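To keep things clear, I will list the structure first and then write my remarks on it.
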Amino acid sequence: DGGITQSPKYLFRKEGQNVTLSCEQNLNHDAMYWYRQDPGQGLRLIYYSQIVNDFQKGDIAEGYSVSREKKESFPLTVTSAQKNPTAFYLCASSGDRGIRGANVLTFGAGSRLTVL
Amino acid sequence: KQEVTQIPAALSVPEGENLVLNCSFTDSAIYNLQWFRQDPGKGLTSLLLIQSSQREQTSGRLNASLDKSSGRSTLYIAASQPGDSATYLCAVNWGGGNKLTFGTGTQLKVEL
């Protein structure tokens, strides 16, 4: 079945450590996105990529980094510079590059990061 | 500032009731608007997408309407069931590129 796989589902990190969240899709989608969700808040865009080897900062990119070396993969690294990294992280993809009238987003199941 | 607001934050209804969830947005120049469902601890599932040129979209018991001039969208759920219990999120695409701005969601509980 086509879809988006995020791993790990749960992750614990000590302060000062970097951690990488995996996002893999087999939908042949061009565009991929990372969102952060905090309790009582809507999803906020961290980074997005519309094509391989290209990505742009979203609204809250500070303390995060990404790469897009393959169409299927868009890993997110939460660095030690992120002041409040404990959150639920969601990866999504869409079938086009966000042209007006864009396709529906497909989301992964999420990764919950807790900083101890 | 472009913002999306959903009120109420939580709603509890008896099974079988028809209900309306509300979404308001500050800038009427939208590309499209989407409604999503999120189950606890899970990712989002897209329910309906309304393009800026459309007034409504329907899928089964769900109907979403869009009134750009008033900056509002509603999600109508007919004959609610316990399986409809989830958080419903509204998201607006203003700038293209599928950069969505999300509301904080309405947590719905349908009771037996």
Notebook entry, point to check: Of the residues B:E56, B:E3, which single one is of a type in the set (D, E, K, R) and farther than 30 Å from A:I46 by Cβ?
Noted result: B:E56
Check: Among the residues of the stretch B:91-112, how many are more than 7 Å from chain A (Cβ to nearest Cβ), over 17 Å from B:L48 (Cα atoms) and of a type in the set (G, A, S)?
Finding: 1
Next item on the list: Please indicate, with yes or no, whether at least one residue in the stretch B:70-84 is more than 9 Å from chain A (Cβ to nearest Cβ) and in contact with a helix residue (DSSP H, G or I) (Cβ under 8 Å, 6 or more places away or on another chain).
Entry: yes
Item checked: Scope the stretch A:38-52; condition under 11 Å from the mean Cα position of the chain (by Cα) and more than 8 Å from every other protein chain (Cβ to nearest Cβ); matching residues -> A:I46, A:Y47, A:S49
Next item on the list: Looking only at the stretch A:91-108, decide whether some residue is open to solvent by less than 30 Å² (accessible area, probe 1.4 Å), at pLDDT 95 or above and aromatic (F, W, Y).
Entry: no
Notebook entry, point to check: Would it be correct to say that A:Q50 is open to solvent by 30 Å² or more (accessible area, probe 1.4 Å), within 23 Å of B:T101 (Cβ to Cβ) and touching a residue at least 24 places away in the same chain (Cβ under 8 Å)?
Noted result: yes
Next item on the list: Out of A:L43, A:L21, report the one residue that is under 25 Å from A:N84 (Cβ atoms), crowded, with 18+ Cβ neighbours inside 10 Å and modelled with pLDDT of 95 or more.
Entry: A:L21
Notebook entry, point to check: Can you spot a residue in the stretch A:59-68 that is under 10 Å from the mean Cα position of the chain (by Cα), under 21 Å from A:V115 (Cβ atoms), crowded, with 17+ Cβ neighbours inside 10 Å and of a type in the set (A, V, I, L, M)?
Noted result: yes
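The values are calculated or read from the model by the stated rules, or taken from the named source; none is laboratory data. Because the structure is predicted, anything quoted here is derived from the model rather than measured. Cβ: placed from backbone, ideal geometry, glycine included. Neighbour counts: every protein chain shown. Please note that ligands, DNA and RNA were not included when accessible areas were found on the heavy atoms of the full protein model with its side chains. Shrake-Rupley method; radii C 1.70, N 1.55, O 1.52, S 1.80 Å.
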